[in-house]
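Single-structure report; data block below.
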Amino acid sequence: MKVAKFGGSSLADANQFKKVANIIKDDQNRKFIVVSAPGKRHDHDFKITDLLIQLGQAYLTNDKYKSYYITIMDRFSKIINELNVSEDLINEIDMKLKSIMESDLTDEHMLNCFKAIGEDSSAKILSAYLQTLGINAKYVNPKDAGIIVKNDINGAQILPESFNTIYELRNEDGISVIPGFFGYTKDGTLATFSRGGSDITGAIIAAGVQAELYENFTDVDSVYSVNPTIINNPKEIKVLTYREMRELSYAGFSVFHDEALIPAVKEQIPVCIKNTNNPSAPGTMIVANKEANGKCVVGIASDTGFVSIYISKFLMNRELGFGRKLFQILEEEEVSFEHAPSGIDDMSIIIRESQLPENKEKIIVERFENELEADTVTVHRNLALIMIVGEGMKETIGMAKTATAALGEAKVNIEMINQGSSEVSMMFGIKANGLHRAIKSLYYAFFE
Ligand code: ASP
């Protein structure tokens, strides 16, 4: 049996719902369907989840919220009317929104309840629509599916005991349509995963029911070897390993949520990224191992918004406890770091800009100077990271040379290189303004 997850663009309007129904009809093994909230219909449109967040925030701060409410209800009403499913669903969504507003939930819980309405309504609409087509389908709430989570400020985390309950879903008749993006804590509180988290629900269900395949339907034919907004028609990737996907999604490949890999990897469920608008395209398979095909680089990923803090201190290498003190300062200031490449007398800490507002930067620099007695502490903002990813890169001679030569040709200065621990990637830190030049040059060096 297969688990198929459909993302927001696959459910953006009634026509997309129809495509999804056709895909479900096409393969009887698609027994578990996980859905996102309706996404954007065009570039200037809004995702329902974003509207729900705006609605919730406006409501909680006593700001004007009516226009969000109306836009959300209009979107759902249009889908429901065009699919010709029962109009009771419109009232149901309306009542749900009102009951959240009238509840005495904490702000955080209330916001989560608002957010979950998008996926919950998608699942109800899709199951009702499938029924009108004569398909034996039903809506299954995440609580009944057994998705029990631990709440966390960075997004809910699945509890291991959930998987046994989810396994029981195998005994269900017909098709189960499950809303993505949220679960319930042991005490019954609704909690949402991090943004884009319907992928996580899909992976949890796939691991729980021990699916033979987890299909993740989106709006591209495959995962591309590089960001298609930088390179026209880049090469498609046919097969990726879990590790390669992890590295690529870390640095900007948003086609599959990185947390969704965890349940898939644990149960070794193969994942296939497919296109709702072109379902006959084979898509990209993500698997545990793949045969070597002589091409060790599969993709080049990049992301902006990084800062580096450079610290130098003569004889740092001999100073016992230096690293511990440094990381302790970061921990005390609640700053998480991404990488820490080091030299003999120096070290750079790479941090996401969102973690380091200017006021925090000032405190950390002062603490490094005073408590670590560092000789120099300098901060560089506007950094971009580039990851060149591929199994077998480490064993291939000349990879670093090709990459650095390509960056040299593009006249891009390398601020940092990190190949250290990762078996499957090489990472370069550069100034963000050289990013497009760098990516183009690297792409031609490795793929053309
Ligand atoms: N609707 C949620 C979001 O926009 C989750 C998802 O689409 O996967 O983040």
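Which residue is surrounded by the fewest Cβ atoms within 10 Å (Cβ to Cβ), if the candidates are limited to the stretch 309-336 and must be more than 16 Å from residue 377 (Cα to Cα) and in contact with a helix residue (DSSP H, G or I) (Cβ under 8 Å, 6 or more places away or on another chain)? Please lay out each step first, then the result.
The first filter runs over the stretch 309-336 and keeps only residues more than 16 Å from residue 377 (Cα to Cα), leaving 317-321, 324, 328, 331-336.
Next cut, in contact with a helix residue (DSSP H, G or I) (Cβ under 8 Å, 6 or more places away or on another chain) only: 333, 335-336.
On the way: 333: 14, 335: 20, 336: 10.
Ranking the qualifying residues of the stretch 309-336, first place goes to 336.
Residue count for the stretch 25-59 under the criterion of being within 16 Å of the ligand (Cβ to nearest atom), open to solvent by 20 Å² or more (accessible area, probe 1.4 Å) and in a helix (DSSP H, G or I): the result is 4. Within the stretch 188-222, being β-branched (Val, Ile, Thr) and at pLDDT 95 or above holds for 189, 192, 200, 201, 204, 205, 209, 218. The selection criterion, being within 16 Å of the ligand (Cβ to nearest atom), among the hydrophobic types (A, V, I, L, M, F, W, C), in contact with a Pro (Cβ under 7 Å, 6 or more places away or on another chain) and closer than 23 Å to residue 127 by Cα, does not hold for residue 207. Go through the stretch 340-362 and give me each residue that's within 16 Å of residue 381 (Cα to Cα), open to solvent by 30 Å² or more (accessible area, probe 1.4 Å) and not in a loop (DSSP other than H, G, I, E, B). Hits for the stretch 340-362 are 352, 353, 354, 355, 358, 359, 360, 361, 362.
Got at least one residue in the stretch 60-67 being touching a residue at least 40 places away in the same chain (Cβ under 8 Å), over 30 Å from residue 262 (Cβ atoms), open to solvent by 10 Å² or more (accessible area, probe 1.4 Å) and of a type in the set (S, T, N, Q)? Break it down stepwise before answering.
Taking the stretch 60-67 as the starting set, the residues that turn out to be touching a residue at least 40 places away in the same chain (Cβ under 8 Å) are 60.
Subsequent filtering for residues that are over 30 Å from residue 262 (Cβ atoms) retains 60.
Checking the rest, the ones that are also open to solvent by 10 Å² or more (accessible area, probe 1.4 Å) come to 60.
Imposing the further condition that a residue be of a type in the set (S, T, N, Q) reduces the set to none.
Within the stretch 60-67, not a single residue is touching a residue at least 40 places away in the same chain (Cβ under 8 Å), over 30 Å from residue 262 (Cβ atoms), open to solvent by 10 Å² or more (accessible area, probe 1.4 Å) and of a type in the set (S, T, N, Q).
Is it fair to say residue 64 is within 16 Å of residue 128 (Cβ to Cβ) and either more than 15 Å from the ligand (Cβ to nearest atom) or in a helix (DSSP H, G or I) (or both)? So residue 64 does not fit the description; no.
Among the candidates 386, 364, which residue alone is more than 30 Å from residue 325 (Cβ to Cβ), in contact (Cβ under 8 Å) with a residue 40 or more places away in the chain and not hydroxyl-bearing (Ser, Thr, Tyr)? Don't jump to the end; show me each part of the working.
Values: 364 fails: more than 30 Å from residue 325 (Cβ to Cβ).
Every option except 386 fails the conditions.
Taken together, the residues in the stretch 141-160 that are part of a loop (DSSP other than H, G, I, E, B), more than 16 Å from the ligand (Cβ to nearest atom) and either modelled with pLDDT of 95 or more or surrounded by 23 or more Cβ atoms within 10 Å (Cβ to Cβ) (or both) amount to 4.
Within the stretch 165-181, being assigned to a helix (DSSP H, G or I) and in contact with a Gly (Cβ under 8 Å, 6 or more places away or on another chain) holds for 165, 166, 167, 168, 169.
For beta carbons closer than 9 Å, sequence separation of 6+ or different chains, a first residue in the stretch 28-56 that is of a type in the set (Phe, Trp, Tyr) and a second that is within 9 Å of the ligand (Cβ to nearest atom) and at pLDDT below 95, there are no qualifying pairs.
In the stretch 167-189, the residues that are farther than 14 Å from residue 150 by Cα and among the small types (Gly, Ala, Ser) reach residues that are part of a loop (DSSP other than H, G, I, E, B) and more than 16 Å from the ligand (Cβ to nearest atom) with C-beta atoms within less than 9 angstrom, at least six apart or across chains, in these pairs: 174/135; 174/136; 176/140.
Based on what the data block shows, is residue 20 closer than 19 Å to residue 219 by Cα, open to solvent by less than 10 Å² (accessible area, probe 1.4 Å) and away from the ligand (no atom under 13 Å from the Cβ)? Considered against the rule, which asks whether it is closer than 19 Å to residue 219 by Cα, open to solvent by less than 10 Å² (accessible area, probe 1.4 Å) and away from the ligand (no atom under 13 Å from the Cβ), residue 20 comes out as yes.
Taken together, the criteria place residue 306 among residues that are touching a residue at least 24 places away in the same chain (Cβ under 8 Å), of a type in the set (A, V, I, L, M, F, W, C) and open to solvent by less than 60 Å² (accessible area, probe 1.4 Å).
Taken over the stretch 165-182, the residue count meeting the criterion of being within 16 Å of the ligand (Cβ to nearest atom) and on the phi > 0 side of the Ramachandran plot is 1.
The values are calculated or read from the model by the stated rules, or taken from the named source; none is laboratory data. These numbers were taken from a predicted model, which means no experiment stands behind them. Please note: Cβ atoms are built from the backbone with ideal geometry, for glycine as well, and neighbour counts cover all protein chains shown. Heads up: the accessible areas ignore ligands, DNA and RNA and are worked out on the full protein's heavy atoms, side chains in. Shrake-Rupley method; radii C 1.70, N 1.55, O 1.52, S 1.80 Å.
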